[in-house]
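The values are calculated or read from the model by the stated rules, or taken from the named source; none is laboratory data. Computed from a prediction, not measured in an experiment: that's the story for all the values here. We place every Cβ from the backbone using ideal geometry, glycine too, and count neighbours over all the protein chains shown. Note: areas computed on protein heavy atoms with side chains; ligands, DNA, RNA excluded. Shrake-Rupley method; radii C 1.70, N 1.55, O 1.52, S 1.80 Å.
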Amino acid sequence: MGTLFPPGTRDSVTHRVLASELAPVAALIGSDDPALAVRAAATLMTRLLLTRLPGPGCRLLREDFSFSGTLAEGDEVVISAEVEAPGNPGIVHLRCAVRHADGSPILTGFAELSEPLERRGDLTGPFGTQPRRMLAALLARCAGRPPVPTAVAHPCDAESLRGALLAAGHGLITPILVGPEARIRAAAEGMDLSGFEIVATPHSHASAEVAVRLVSEGRAAALMKGSLHTDELMGAALAREAGLRTERRVSHCFVMDAPLYPRPLIITDAAINIDPDLDAKADIIRNAIGLATAMGVELPRVALLSAVETVTAKLVSTLHAAALCKMADRGQITGALLDGPLALDNAVSVAAAKAKGIVSAVAGRADVLMCPDIESGNMLAKQLALLGGAASAGIVLGLRVPVALTSRSDDANSRLASAALLRLVAG
């Protein structure tokens, strides 16, 4: 019986090292010496083996690596593996290397893995070491649903375009690419645009207006942000003449997959509402509840954040939290459990809640973190992403159609996860 991985089968990816990939090694060793940080290359190598070659279904049996040189945030590295002559049946033996872009070695050696029953490694998708639990769960929940016609506004850089094409490849959306055609095609180096509609525009402002018009005319049923400013896209979507507004307040949700938390965290609102009042917060919570429900959370737990867990007139956020909980008691907000005010530690740590004597069905187990204002929400989401290694997705709710909205610096994985949220919310 032939092997799925004959000698010479090879995979290679180029990757820019993230601080979140080096931090665990520095914490364990107790030093941030770049010469010791090279141990993080082993994690990158293992990631390639388990997700791409041989890929899902294999089992890691042995790794024997040697290290040299240094490794620092921002370094561009080439991670490669090649199948060598077969040994024992059912075992894949690979020669492994991680090198700097100039070819100097960081890691060399070999690995042995059990051969999976079928070859399922994704050799075309984006490579990263951030958590993939959320993305895998979202894609599984979207399986079998038809793609949503989606106007992608100004996908004029590689990551925003790759994210849209990945979403199309997973059957989440049917993208209509809206932007300067020459710039879109320049960004598509190495990507196949055949079969995708391009609607040409002269600049980003026009891209936003045309994308929204496609929705207004019924040609698209969702929006996806490309490489333009959030204000440009949301300004066009919120314009009264666009006809996309509803009675519900528009808000944004980040969905974060933090390595040390056992479930996805919805953080709201970190992008649109600057200093929401009580009525606005009620709508923001309703939008988040709808998203959590679409993601499969049967009874979302909503933590209303403040700096303290007691109600005080000196902190308006605690008064709002108390009022929102009473609104839930009276049936004005339904479909979730609300509690607050809660400080962040009490919202996500059972131990912290217990230490402070908080008895609550929400404390320590929150699915949704309702932040007092845009500043606290934005800082929390970015701290989780940049310092905590969390993967993220973003979506705007409250309009007639969902809007997949990420930061311009987000990678294709984040945009793919955002498209999955869009697919779930679109029904």
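Descriptive notes on the structure:
- Every residue from the stretch 395-411 that is surrounded by fewer than 21 Cβ atoms within 10 Å (Cβ to Cβ) and among the polar types (S, T, N, Q): S407, S409
- Selection from the stretch 9-30 of residues that are of a type in the set (G, A, S) and either in a helix (DSSP H, G or I) or more than 24 Å from D64 (Cβ to Cβ) (or both): A19, S20, A23, A26, A27, G30
- Answer from L48, L53, L44 - the residue that is under 19 Å from C96 (Cβ atoms), among the hydrophobic types (A, V, I, L, M, F, W, C), outside any strand (DSSP E or B) and in contact with a Gly (Cβ under 7 Å, 6 or more places away or on another chain): L53
- Pair list, Cβ under 8 Å, 6 or more apart: the stretch 31-56 residue within 18 Å of S114 (Cα to Cα), other residue of a type in the set (S, T, Y) and assigned to a loop (DSSP other than H, G, I, E, B): R47/T129; L53/T9
- Long-range neighbours under 9 Å by Cβ, at least six apart or interchain, first residue free of Cβ contacts under 8 Å to residues at least 12 places away in the same chain within the stretch 399-413, second open to solvent by 10 Å² or more (accessible area, probe 1.4 Å) and not in a loop (DSSP other than H, G, I, E, B): S409/E159
- Leading residue by the ranking (farthest from R286 (Cα to Cα)) among those in the stretch 335-365 that are surrounded by fewer than 21 Cβ atoms within 10 Å (Cβ to Cβ) and free of Cβ contacts under 8 Å to residues at least 12 places away in the same chain: A355
- For beta carbons closer than 9 Å, sequence separation of 6+ or different chains, a first residue in the stretch 173-198 that is outside any strand (DSSP E or B) and a second that is of a type outside the set (G, A, S) and open to solvent by 80 Å² or more (accessible area, probe 1.4 Å), the qualifying pairs are P180/P202; P180/H203; L193/R185.
- Residue in the stretch 71-79 that is among the acidic types (D, E), touching a residue at least 12 places away in the same chain (Cβ under 8 Å) and part of a loop (DSSP other than H, G, I, E, B) present: yes
- Pairs where the first residue, in the stretch 142-166, is over 22 Å from R219 (Cβ atoms) and the second is open to solvent by 50 Å² or more (accessible area, probe 1.4 Å), C-beta under 7 Å, 6+ apart: E159/D411
Quick grid of which residues meet (1) closer than 27 Å to A412 by Cα; (2) surrounded by fewer than 19 Cβ atoms within 10 Å (Cβ to Cβ):
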| position | (1), (2) |
| --- | --- |
| T9 | yes, yes |
| S31 | no, yes |
| A35 | no, yes |
| T51 | yes, no |
| S68 | no, yes |
| G74 | yes, yes |
| V98 | yes, no |
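- Evaluation of H205 against (1) open to solvent by 10 Å² or more (accessible area, probe 1.4 Å); (2) at pLDDT 95 or above; (3) of a type outside the set (V, I, T); (4) under 21 Å from the mean Cα position of the chain (by Cα) (one fails), failing number: (4)
- Counting only strands (runs of 3 or more DSSP E) that sit wholly inside the stretch 226-314, not one has at least 3 residues that are free of Cβ contacts under 8 Å to residues at least 24 places away in the same chain, under 25 Å from L387 (Cα atoms) and open to solvent by 20 Å² or more (accessible area, probe 1.4 Å).
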